[in-house]
Amino acid sequence: MGIRARLTRRTKAVTEAVKPVTTASAGPTPAQAARRGYEYGIPRGGTTEYNQGGGDLGSDRRELLEQLYQVYTTCTWASACVDAIARTVTAGGLYIDWSQDDQEGDRKEPTRPPEVQRLQQLIDYCNPYEDMQQVVRGMVTDLEVAADAYLEVVWFLGEPIALYSLDAASMRIISDPHGVVTQYVQITEDGQRAVFEPHEIIHISMDTPRSGLHGTSPTEKALLPITTWLYASGLLKETLRKGDPPTLHVDFPESMSEGAIKRWLSQFRVRFLGPKNKGEPVVTVGGGKVTELQPSKIPDLHASKDQARDEILAEYGVPPALVSVIESGNLGGGTGESQRRTFMVNTCGPIANLILEKLNFHLTRKGFGIDGWQLRFRDVDMRDSLTLEQIRDMRIRNGLWTLDRGRAEIGEPPVAGGSDPVLIDRQNLVLWSDIATMSKAIIAKAAAPGLQAGAQIDGIDMKPEPEPAPIPPELAAHAAAMAAGQQPPAPGQPPAPPGKPTEAYDWRTYYEDDEGEDEPHDFAARLRAALAA
């Protein structure tokens, strides 16, 4: 075989190897998707139950996670931020939504397939001890504290039938050197051990700067200001427990023995320290001298705690108003509405999407094979009711929403004609399909002064109307005689000369015949023709 033939055969083989999979439903096999790179912190040979890698932190990760959970339960602002995030994300509950719903109210949700109904049953009854609300809220708390959340999935006949939350501090991830997970192992403090296959665990991890098997939580990143807050709180507690005593310098006379000095200090602790001794004067005898070195440090301790609190809130991404910190005149803080909006978009939204992506992949797609339906968190609008109604009314009036869309927002069925958008000003209602005609009418009304100039505006003829046709002589003579109180002339006769008005005369009797019936004469016909003209 020649060189050209060998090169051609090799090129063809490489081309076939890298050819993408054309079948939409069949994804790449594990062998095709195998990686060559290595994850950060994984030791040679992969992670084990007792070596989770990660350098100093990975060598004793369990101890680190236990400290973080203690910080969560001890620091007021850490627990307030984590609880605010968890409650806000799960406030509306988890539900199954039809992907084709456009929220307009004109598309009726189809009948749920059997697999969707089974998924709904799993959400309604996930396990005998917890409901789905508690499970998801615990996942959010674990993500904010430990950066990892684990959910046990119980399978039966190829479908999930139960979900259980797992303690993040006791979980171990077993992987190869490339970070491919092969097992999950749980080891409790009492030595109890449970082994899970990868499909039996839903593992959700927070973002981390250098990748890896584990994430980095906001609690871990805020550990320094949390520690500062804890020390300041402990110092303030001890200061108040002792009754906020002053910092003194005591100068004893040289003749005072060491035993007497110790006895005086012991008496000072009993007589002057503590809340009940607050305000007692320090009395010395024998030439002793007491001097106060510095005033109380309680205001400084409170300021240090406030500074540490602001750093903690910034790390968690929780605005002050969401954890009941109301500061008047706080420049740059914004209103409560703007703070809530920032909190929903920048903090709660990413956490909710992280959880939903995992649940939809493991439960909706892999667990039940559902397409066209997905799990979502129901939005809870925390704005004022009057504000919501004003926004709905504004959107319907300017045509941004249809009436059916507005009715769907409040749970009302659509009505006839409600799918046509309209424009409503102060007193008029115009269909958007008639907006072009309405526009021309408004232009014509605004350009009315151009009638005298005979202008031409946007295809609308603004020339003045022609003069009306002249009045026939007979009609003019008849009108003049009636105005002067005289007898109208007979048809074909000249008008009577002006003079003294005649007696009252009903001209309609002139046209009556002998039988008393009205007979249309030539003059009456001409009169009607003239009036019609």
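Bear in mind these aren't lab numbers, they're just calculated from the coordinates by the rules spelled out. Bear in mind that the values here come from a model prediction, so they are computed numbers and not experimental data. In this analysis, Cβ positions are derived from the backbone assuming ideal geometry, glycine residues included, and neighbour counts consider all displayed protein chains.
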> Would you list Ser338, Ser165 from fewest to most Cβ contacts within 10 Å?
Replying inline: Ser338, Ser165
> How are the C-alpha pair distances of the stretch 100-250 spread across 5 Å bins, as whole percents from the shortest bin up?
Replying inline: 2, 7, 11, 13, 14, 12, 10, 9, 7, 5, 4, 3, 2, 1, 1, 0, 0, 0
> Taking neighbour Cβ counts within 10 Å as the exposure measure, how do Leu65, Leu423, Leu94 sort from fewest upward?
Replying inline: Leu423, Leu94, Leu65
>> Which of Val285, Val323 has the fewest other C-beta atoms within 10 Å, and how do the rest follow up to the most?
In response: Val285, Val323
